[in-house]
1. Could you list all residues from the range 156-190 that are among the β-branched types (Val, Ile, Thr) and surrounded by 20 or more Cβ atoms within 10 Å (Cβ to Cβ)?
2. Could you tell me whether any residue of the range 203-210 is farther than 22 Å from Pro39 by Cβ and either open to solvent by less than 60 Å² (accessible area, probe 1.4 Å) or assigned to a loop (DSSP other than H, G, I, E, B) (or both)?
3. List pairs: first in the range 33-62 and in contact (Cβ under 8 Å) with a residue 40 or more places away in the chain and under 16 Å from Cys92 (Cα atoms), second assigned to a loop (DSSP other than H, G, I, E, B) and among the hydroxyl-bearing types (Ser, Thr, Tyr), Cβ under 7 Å, 6+ apart or cross-chain?
4. Consider Gly85 carefully, then state whether it is out of contact with any His (no Cβ under 9 Å at 6 or more places or on another chain), surrounded by 13 or more Cβ atoms within 10 Å (Cβ to Cβ) and within 18 Å of Val51 (Cβ to Cβ).
5. In the range 37-46, how many are touching a Pro at 6+ places or on another chain (Cβ under 9 Å) and either over 17 Å from Arg14 (Cβ atoms) or open to solvent by less than 10 Å² (accessible area, probe 1.4 Å) (or both)?
6. Would you check which residues across the range 12-35 are hydrophobic (A, V, I, L, M, F, W, C), closer than 16 Å to Leu73 by Cβ and out of contact with any helix residue (DSSP H, G or I) (no Cβ under 6 Å at 6 or more places or on another chain) and list them?
7. Scanning for something more than 22 Å from Ala167 (Cβ to Cβ), modelled with pLDDT of 95 or more and assigned to a helix (DSSP H, G or I), does the range 228-245 turn up at least one residue?
8. Do you know which residues across the range 138-149 are open to solvent by less than 50 Å² (accessible area, probe 1.4 Å) and assigned to a helix (DSSP H, G or I)?
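The values are calculated or read from the model by the stated rules, or taken from the named source; none is laboratory data. Since the model is a prediction, treat every value here as computed from it, not as a measurement. Glycine gets a Cβ as well: all are built from the backbone with ideal geometry, and neighbour counts include every protein chain shown. To get the accessible areas, we keep the full protein, side chains included, count just its heavy atoms, and leave off ligands, DNA and RNA. Shrake-Rupley method; radii C 1.70, N 1.55, O 1.52, S 1.80 Å.
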Amino acid sequence: MPMLKVRGEDFHIRIDGDESAPVLLLSNSLGTNLSMWDPQIPEWSRHFRVVRYDSRGHGLSPAPDEPYSIAMLADDALAILDALGIDKAHWCGLSKGGMVGQWLATHHGGRLGRVVLANTAAHMGPPELWDGRIRTVRTQGMSVLVQPTLERWFTPEFRETAKETVAKVSEMLATTPPLGYANCCGAIRDMDQRETIRAVRNPVLVVIGQRDPATPPAAGHEIADAIPGAQRIELAAAHLSNLEQPKAFGRAVTDFLKG
């Protein structure tokens, strides 16, 4: 599992695909790690040089106990590209990864090609919800959040029929560094990109889970309505749509990125 030195910190990354192919950078959701993209890698690596990383506070990447922001998480992504000598990449981020993608497309659109924003939102309130979650994880750790999170992330029928996938996600949640999770919650709490994303000019695909209670369909449509020319697709899934509908998700992203 390679580690990449980025501005003095070690980030966990993985690269698949031909070095000469267009680069696709993947960014994970809150409470997961780079393995959340495993179902899509066989297809995407046929077309792209796929770079994925554990975002700050997650997996094997650094999880310092200090305030995080969406801008800081976006700077991490840019620094990873710089460390790899990559000038420009397509982007696919889900949930928190989609929030980082919005910031990058707004402020550093020239570093990105096509942008996929999946199961995400431009603003997530109320602050009290996030403050409560931060207190919980700081005092009780991650274990207390696992079951209610799984219930938000997957439909009941998927939880019943795809127990192996659900178990893997449960393990990701349980092993996420509590302080990293808490500080990422603070970044999401403080985020409001509803107006700034109107400046995005990259081609954008918004992926929406029809049964997503975490970032409801209205949140996805709000993003698509704000970004000029943005495309949108709805999948029969809850929050982690790339895991609940892996083939449909992978195909939609491939088609969009290949233009």
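1. Val169, Thr176, Ile188 - these are the residues of the range 156-190 that are among the β-branched types (Val, Ile, Thr) and surrounded by 20 or more Cβ atoms within 10 Å (Cβ to Cβ).
2. Scanning the range 203-210, I find at least one residue that is farther than 22 Å from Pro39 by Cβ and either open to solvent by less than 60 Å² (accessible area, probe 1.4 Å) or assigned to a loop (DSSP other than H, G, I, E, B) (or both), so the answer is yes.
3. Pairs found: Met36/Ser29; Tyr53/Ser61; Asp54/Ser61; Ser55/Ser61.
4. Considered against the rule, which asks whether it is out of contact with any His (no Cβ under 9 Å at 6 or more places or on another chain), surrounded by 13 or more Cβ atoms within 10 Å (Cβ to Cβ) and within 18 Å of Val51 (Cβ to Cβ), Gly85 comes out as no.
5. 1
6. Of the range 12-35, the ones hydrophobic (A, V, I, L, M, F, W, C) are 13, 15, 21, 23-26, 30, 34.
So of that shortlist, the ones also closer than 16 Å to Leu73 by Cβ come out as 13, 25-26, 30, 34.
Matches in the range 12-35: Ile13, Leu25, Leu34.
7. Checked against the condition, which is being more than 22 Å from Ala167 (Cβ to Cβ), modelled with pLDDT of 95 or more and assigned to a helix (DSSP H, G or I), the range 228-245 yields no hits at all.
8. Our first condition is that a residue be open to solvent by less than 50 Å² (accessible area, probe 1.4 Å); within the range 138-149, this holds for 141-142, 145-146, 149.
Leu145, Val146, Thr149, listed by residue number.
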